[in-house]
Amino acid sequence: MKKFLIFALIVGVTFVSCKNEKPKEVEAPVLENKGETITDGTYTVTNENSILNWKGFKPTGTHNGTVAIKDGNLVVSDGKLTGGNFTFDMNSIVVLDIPADDEGNAKLTKHLVSADFFDVANNPTAMFKITEVLQEGTTLVKGDLTIKGITKSIEFPVSLNKTTDGVELVGNAFKIDRTEYNIQYKSKKFFDDLKDKFINDEFEISFKVNASK
């Protein structure tokens, strides 16, 4: 499976501060399409019901959180996903594994939006555009992910399901390499004196996108 990314984003990037109190992460379970026919057309993303989850790793632990999906659409033809695009609001980066009122939360969030990571002041959004959808048992999405002005092709499995108001696209956890988007902070690819102070190059992404006509 090729590397994916998304803010993310992404996103994947982290320092670790172990805390006992951990807010619940927004989950993105893979749903089964129960044979219901999905109406063809273009569906507009409902951002209040859509979210991207991120998780970063280092030798001593992990950090995780979310990024809001600002807008986008999904295209369905012959009852199947055929296209779409999303915009991610990088100013919305949230850290979930540290209590919101803990100073460590604000410190990590500030670092993630800084030039060390996503340079949000100069790159307020990240984008993903679907270029191809393969239907071979599992639905595999291919597309272009743009973070910090750098675009790379990625692919990942998804599940498209009918909802009361439209459709839901769900992606289980997959990984992308942050260094491909010029996020070099504490990467062993670029620094050879980190010992156990490095941050893994790959971070994990999962998502849930709801859309309606």
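The values are calculated or read from the model by the stated rules, or taken from the named source; none is laboratory data. The structure presented is a predicted model; accordingly, all values stated were derived computationally and were not measured. With ideal geometry, Cβ positions are generated from the backbone for all residues, glycine too; neighbour counts draw on all protein chains shown. When the accessible area is computed, the model is the full protein with side chains, heavy atoms only, and any ligands, DNA or RNA have been set aside. Shrake-Rupley method; radii C 1.70, N 1.55, O 1.52, S 1.80 Å.
A few remarks follow.
Listed here are the residues, each with its yes/no results for (1) at pLDDT below 95; (2) out of contact with any Cys (no Cβ under 6 Å at 6 or more places or on another chain); (3) within 23 Å of S153 (Cα to Cα); (4) open to solvent by 70 Å² or more (accessible area, probe 1.4 Å).
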position	(1), (2), (3), (4)
I6	yes, yes, yes, no
K34	yes, yes, no, yes
V45	no, yes, yes, no
L81	no, yes, yes, no
D97	no, yes, no, no
S114	no, yes, no, no
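- Residue count, segment 44-82 (criterion: among the small types (G, A, S) and within 30 Å of K188 (Cα to Cα)): 4
- So N172, is it farther than 30 Å from D40 by Cα, surrounded by fewer than 17 Cβ atoms within 10 Å (Cβ to Cβ) and among the polar types (S, T, N, Q): no
- Residues located in segment 202-213, provided they are open to solvent by less than 40 Å² (accessible area, probe 1.4 Å) and over 30 Å from T37 (Cα atoms): F203
- Residues (open to solvent by less than 70 Å² (accessible area, probe 1.4 Å) and farther than 15 Å from S114 by Cα) located in segment 181-201: S187, L194, F198, I199, N200, D201
- Screening N105 against (1) under 30 Å from G83 (Cβ atoms); (2) open to solvent by less than 50 Å² (accessible area, probe 1.4 Å) leaves a single unmet condition, (1).
Condition check ((1) among the polar types (S, T, N, Q); (2) touching a helix residue (DSSP H, G or I) at 6+ places or on another chain (Cβ under 8 Å); (3) within 27 Å of T109 (Cβ to Cβ)) across all residues:
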{"site": "N123", "(1), (2), (3)": "yes, no, yes"}
{"site": "T139", "(1), (2), (3)": "yes, no, no"}
{"site": "N172", "(1), (2), (3)": "yes, no, yes"}
{"site": "E180", "(1), (2), (3)": "no, no, yes"}
{"site": "F190", "(1), (2), (3)": "no, yes, yes"}
{"site": "D201", "(1), (2), (3)": "no, yes, yes"}
{"site": "N210", "(1), (2), (3)": "yes, yes, yes"}
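- K129 among the basic types (K, R) and part of a strand (DSSP E or B): yes
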